[in-house]
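Visitor: Okay, handing you the structure first.
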Amino acid sequence: MSHLISKPKFRLAFFLFFVFVLVATLSAQQEQPAPKATSPAYAAIPVEAARRANPIKSSPESLARAKKWWALDCAMCHNANGDGKGSLASDMKIKLVDFTNPTTLKDRTDGEVFYIIKNGHQDMPPEGDRIKPEENWDLVNYVRSLSKGK
Ligand code: HEC
């Protein structure tokens, strides 16, 4: 076998083969799809946070309280109706999920939504202590209400 590899023709063949593998590997890497809006990074939500029960029942009062914060802190990205086409989102060229679609938050617990609102995610800034925990739960109810009647 080694006497074959030492022949110039075979060396050239080996060289071309490696170039081919290199090019194929690089182009395969480039073809990988961009990360989806709902990325696995959400898996970082601690289990205890995800399991927290929502102490605030969704009611017209809760939704009315949340509407104020939604208009102030959320609508510029998620849009007033929650479809994700807010003006800031388009300025920032970020693609947001559509809360008017009932499947969007189907697999999320209230605790997870609470955690995302409190701590932010990707390009979304955290609400942190700007709002009270009760108001954060109101927003959880509000986000869920955006797909009602669909
Ligand atoms: C600067 C733009 C921006 C603002 C302001 C913003 N968000 Fe977001 N939001 C994002 C981005 C980016 C994501 C991550 C991508 C996605 O899931 O749409 C996100 C994700 C979310 C999610 C998780 C969606 C999922 O994938 O399950 C929720 C819930 C949410 N936002 C609610 C809110 C609420 C409530 C407010 C206001 C308190 C708010 N956001 C303010 C940009 C924003």
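The values are calculated or read from the model by the stated rules, or taken from the named source; none is laboratory data. A quick note: this is a predicted structure, and the numbers were derived from the prediction, not measured. Cβ sites come from the backbone with ideal geometry, for glycine too, and all protein chains shown count toward neighbours.
Visitor: Quick check on the range 7-57: of everything there that is outside the structural domain of THR109 (by TED's automatic domain parsing) and of a type in the set (Lys, Arg), which residue is modelled with the lowest pLDDT?
Guide: Among residues in the range 7-57 that are outside the structural domain of THR109 (by TED's automatic domain parsing) and of a type in the set (Lys, Arg), the one modelled with the lowest pLDDT is LYS36.
Visitor: From the list LEU139, LEU105, LEU96, pick out the single residue that is touching a His at 6+ places or on another chain (Cβ under 8 Å) and either part of a loop (DSSP other than H, G, I, E, B) or within 25 Å of LYS57 (Cβ to Cβ) (or both).
Guide: LEU96
Visitor: Taking the range 80-107, which residues are more than 10 Å from the ligand (Cβ to nearest atom) and touching a Lys or Arg at 6+ places or on another chain (Cβ under 9 Å)?
Guide: If the condition is that a residue be more than 10 Å from the ligand (Cβ to nearest atom) and touching a Lys or Arg at 6+ places or on another chain (Cβ under 9 Å), then THR100, ASN101, PRO102 are the ones that fit.
Visitor: Determine whether GLY149 is of a type outside the set (S, T, N, Q), more than 10 Å from the ligand (Cβ to nearest atom) and at positive phi.
Guide: Taking the combined requirement at face value, the residue satisfies it.
Visitor: In addition: If you check every pair at least six apart or on different chains, which have Cβ atoms under 7 Å apart with a residue in the range 123-148 that is farther than 13 Å from VAL113 by Cβ first and a residue that is of a type in the set (Val, Ile, Thr) and assigned to a loop (DSSP other than H, G, I, E, B) second?
Guide: If the second residue must be of a type in the set (Val, Ile, Thr) and assigned to a loop (DSSP other than H, G, I, E, B), the pairs left are ASP123/ILE94; GLU134/ILE56.
Visitor: Name, by its number, the condition in (1) touching a residue at least 40 places away in the same chain (Cβ under 8 Å); (2) away from the ligand (no atom under 13 Å from the Cβ); (3) outside any loop (DSSP other than H, G, I, E, B) that does not hold for ALA64.
Guide: With respect to (1) touching a residue at least 40 places away in the same chain (Cβ under 8 Å); (2) away from the ligand (no atom under 13 Å from the Cβ); (3) outside any loop (DSSP other than H, G, I, E, B), ALA64 is out only on (1).
Visitor: Here's a check for you: in the range 108-132, which residue that is more than 8 Å from the ligand (Cβ to nearest atom) and in a loop (DSSP other than H, G, I, E, B) is surrounded by the most Cβ atoms within 10 Å (Cβ to Cβ)?
Guide: THR109
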